[in-house]
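Here, each number is a calculation from the coordinates, and none is a lab measurement. Treat the numbers as computed from the prediction; the structure is a model and nothing was measured. Cβ sites come from the backbone with ideal geometry, for glycine too, and all protein chains shown count toward neighbours.
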Amino acid sequence: MPFNAADKLAYRIDEAVKASGLGRSFLYEKMAEGKLRSVKVGGRRLITAQ
């Protein structure tokens, strides 16, 4: 089965900015408030697709 980008479990910040049309600082603000779920993997912050 071929991989589809829509099947991703999490997105890098730059991918989330492009996909949502929201600003980078807005996404970080929502993560800090706990309204946007994210995980840290190594040195990278990922926003979960849920």
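Order of 9-18, 23-32 by packing, highest average Cβ count within 10 Å first? Provide the component values of the computation, followed by the final result.
Values: 9-18: 14.5, 23-32: 12.8.
Highest-to-lowest ranking by the protection proxy: 9-18, 23-32.
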Query raised in the report: Using 7 Å Cα-to-Cβ label points, what is the Y28/R45 separation (nm, one decimal)?
Result: 0.6
